[in-house]
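Only one structure is covered here, and it is reproduced in the block below.
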Amino acid sequence: MLYQNRFAKALLWGGVCTAILTGCNQSAQDTTEATSGDAATEIKTVAITAIVEHPALDDVRKGVIDELNETGFKESENLEINFQSAQGNTATAGQIAKQFVADSPDVIVAIATPSAQSVAAATSTIPMVFSAVTDPVAAKLVPKLDGSGTNVTGASDALPYEPQIELMRQIIPDLENVGYVYSPGEVNSTIVLKALKDNLGPLGINVHEAPAQRSNDIAMAARSLEGKVDMIYTSTDNNVVSAYESLYQIAKESKIPLIASDTSSVERGAIAALGVNYYDLGRETGKIVGRILNGENAGEIPIYTPQTLDLYVSPNHAKEEGITLPQAVIDRAKEVVE
């Protein structure tokens, strides 16, 4: 009887051990399957920052995300995107850059020069793709355009100036004085100012500067040009574009036509703009990001520069600002904004 009891207990204990071992093996198998499943749906992380939110820069961001989605990197599936705006504050741009570096995403996208400079100063290892930067070499983001050899690449919005000047003179044939409202602290804008002087000076056309440190100063800067200029030229200066409606009000009151290099400014008050399509620029930026996510080295990818420009016009804004657009200009416009 004692032997039988001991034998029964041994059988019972053996069954318990078998159950435990089976459970352990099953748990290990489940863990392995979960791990392999996670590997199959690896999540890529892209951090995006912009110096400020306005139509042109918003279009860049949308283009980046749309391009990534179409090339297989989709939010909520295998892509996580973190977007932060610096709200026009360079100190905030620096803080965002440091936080992004601490988060260690797969790629950082920096839209506009101030944000790009902040990210470049914060990391030399995490791949960075800039966009909407006029002169990345002058901004000290890259040493050259055909592959930086660093962690930085991107898409420039640099424009040829000859077509811009041709448009100005088509609209105002007796053009003698051009006003330029700009942020003196933004490299993009000071580069454009120098280029305007270099290109307009030999033609006998004067450039009148109207610096504005903040968006709130734009209207006052524009007002200072009243009675001195035949037109105001606006670039993609982020402070200016952010406050374009106030510039438009001064243009209407003073009868000074606004001609821009940002096509989205036509809807907001410019009479004409010959420039880059910023959504398309975002798509090109997204292609570069996708190449890096697929394993390419950022430093080996050349800087993208657009080869085509779009002309947008608004006859209604022209009338409000005291001028009639030539029919030849209207006829060749890609879009006529009513």
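Details
- Computed extension length for GLU42-GLU338: 101.8 nm, one decimal, from 0.36 nm per residue of separation with the Cα-Cα distance subtracted.
- The share of Cα pairs per 10 Å bin across the chain, counted from zero up to the longest distance, runs 6, 23, 27, 17, 10, 4, 4, 3, 3, 2, 1, 0, 0 percent.
- For segment 174-230, a crude dipole built from +1 on the beta carbon of Lys and Arg and -1 on the beta carbon of Asp and Glu, taken about the Cα centre, is about 180 debye to the nearest 20.
- Legend: P(r) of segment 144-217 from all alpha carbon pair distances, 5 Å bins from 0, whole percents, reading 3, 13, 20, 19, 16, 13, 9, 5, 2, 0.
- Acute angle (nearest 10 degrees) that the helix 55-70 long axis makes with the longest principal axis of the chain, alpha-carbon atoms: 40 degrees
- Distance from the Cα centroid of segment 79-102 to that of segment 114-173 is 19 Å (rounded to whole angstrom).
- Multiplying the residue separation of GLU166 and ASN206 by 0.36 nm and removing their Cα-Cα distance gives an extension gain of 12.9 nm.
- For the residues ALA139, ALA110, ALA93, a GNM of the chain with alpha-carbon springs under 10 Å puts the largest fluctuation on ALA139.
- Net +/- balance of residues flanking ILE96 in space, Cβ distance below 15 Å, scoring K and R +1, D and E -1: 0
- When you work out D = kT/(6 pi eta Rh) for segment 93-190 at 10 °C and 1.306 mPa s, using the Kirkwood radius from C-alpha pairs as Rh and the Stokes-Einstein form, the result is 105 µm²/s.
- For segment 56-135, the percent of C-alpha pairs falling in each 5 Å distance bin, counted from 0 to the bin holding the largest distance, reads 3, 15, 26, 25, 19, 10, 2, 0.
- Least to most buried among ILE330, ILE303 (fewest other Cβ within 10 Å first): ILE330, ILE303
- Qualifying lysines (Cα of each under 28 Å from Cα of LYS255; at least 8 residues distant if same chain): LYS194, LYS197, LYS228, LYS319, LYS334
- In segment 245-338, the inverse of the mean reciprocal separation of distinct Cα atoms equals 15.0 Å; this is its Kirkwood hydrodynamic radius.
- In the chain, the calculated helix contribution to ellipticity at 222 nm averages -14500 deg cm²/dmol per residue, counting -39,500 (n - 2.57) for every DSSP H run with n ≥ 4.
- Residue-wise HN-Hα coupling along segment 120-127, computed from phi with Karplus coefficients 6.51, -1.76, 1.60 (Hz; x: Gly, Pro): 4, 6, 8, 8, 10, 10, 6, x
- Each residue of segment 233-249 was assigned a 3J(HN,Hα) from its phi angle through the Karplus curve 6.51 cos²θ - 1.76 cosθ + 1.60 (θ = phi - 60°); the sequence is 9, 10, 9, 8, 3, 5, 5, 5, 5, 5, 10, 5, 4, 5, 5, 4, 4 Hz, with glycine and proline shown as x.
- Dipole moment magnitude, nearest 20 debye, the chain about Cα centre, only Lys, Arg, Asp, Glu C-beta charged: 900 debye
- Remark on THR45: its backbone amide H falls under 5 Å from those of GLU80, ASP106, VAL107, a criterion applied only to residues 5 or more positions apart or on other chains, H modelled at 1.01 Å from N.
- Kirkwood analysis of segment 193-239, using all unique Cα-Cα pairs, places the hydrodynamic radius at 11.7 Å.
- The rule of thumb for compact globular proteins, 2.2 N^0.38 Å, goes into the C-alpha radius of gyration of segment 167-288 1.03 times.
- Based on Cα contacts under 8 Å between residues 6+ apart, the chain shows a relative contact order of 18 percent.
- Per-residue Cβ neighbour rank within 10 angstrom, fewest leading, MET220, MET128: MET220, MET128
- Charge dipole (the chain, unit charges on Cβ, about Cα centre) - positive-most of GLY63, VAL46, THR263: VAL46
- Taking other C-beta atoms within 10 angstrom as a stand-in for reagent exposure, SER76, SER104, SER215 fall in the order SER76, SER104, SER215, fewest first.
- Extension gain for the segment ASN78 to GLU245, taken as residue separation times 0.36 nm less the Cα-Cα distance, is 56.2 nm to one decimal.
- Over segment 220-292, the hull volume per residue, using the convex hull of the C-alpha atoms, is 87 Å³.
Values in this text are rule-based calculations from the coordinates and carry no lab data. Please read all numbers here as calculations on a predicted model, not as lab measurements. Cβ atoms come from the backbone with ideal geometry, glycine included; neighbour counts cover every protein chain shown.
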